[in-house]
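Take a look at the structure set out below.
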Amino acid sequence: MKSLKLTVNGRQWEGVTADSASLLEVLRDKLGLTGAKANCLEGECGVCTVLLDGRAVCSCILLAAQCEGRAVTTIEGMADGDTPHRLQQTFIDCGAIQCGFCIPGMVMTAAGLLAENPHPDRAQIKEGLCGTLCRCTGYKKIVDAVEAACGVEAADGHG
């Protein structure tokens, strides 16, 4: 067992975890933050994506111990009270929600992309999102939502 201190969604958290616990397990089981989903558990699908010190990471393959003293942002920490984050709002406005299973990871992946490149073009958005899988869609509405969030209008209208 290991003592662990994290800042999660702007709040300090301290607890005890198994040495082998993933960040995903801590978020879901210890903190009750279930927005990051457990799916492949191999870092292949992206539905567990969170921000670690502002960078998108797959929380299922990251040991919680590796996050000691670091800042984690989950989908639950994106909104400002009752006001959705601009990414969350554009996903709603563009009809990019679909079933919702992948959307938290997709939003967090997009947040990481926009932190690194605030004004990506459509090709860069597609490349940036390619590690997060969605079973419901052809991704067009998701790419449209990320474009809308960064103020870029769809130039060609294609997905």
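Just a few scattered comments:
- The single residue among Val146, Val72, Val107, Val57 that is without any contact (Cβ under 8 Å) to a residue 60 or more places away in the chain and part of a strand (DSSP E or B) turns out to be Val57.
- The residue that is nearest to the chain's Cα centre (by Cα), counting only those in region 1-14 that are under 16 Å from Gly69 (Cβ atoms) and exposed (fewer than 14 other Cβ atoms within 10 Å of the Cβ), is Gly10.
- Candidates are the residues of region 123-159 that are within 20 Å of Arg55 (Cα to Cα), of a type outside the set (A, V, I, L, M) and surrounded by 17 or more Cβ atoms within 10 Å (Cβ to Cβ); the one that is modelled with the lowest pLDDT is Cys150.
- Gly95 vs. criteria in a loop (DSSP other than H, G, I, E, B) and over 17 Å from the mean Cα position of the chain (by Cα): yes
- Filter result for Val26 (β-branched (Val, Ile, Thr) and surrounded by 15 or more Cβ atoms within 10 Å (Cβ to Cβ)): yes
- Of the candidates Leu87, Leu62, the single residue that is touching a helix residue (DSSP H, G or I) at 6+ places or on another chain (Cβ under 9 Å) and over 29 Å from Lys140 (Cβ atoms) is Leu62.
The values are calculated or read from the model by the stated rules, or taken from the named source; none is laboratory data. Remember, predicted model here, so these are calculated numbers, not experimental data. Cβ: placed from backbone, ideal geometry, glycine included. Neighbour counts: every protein chain shown.
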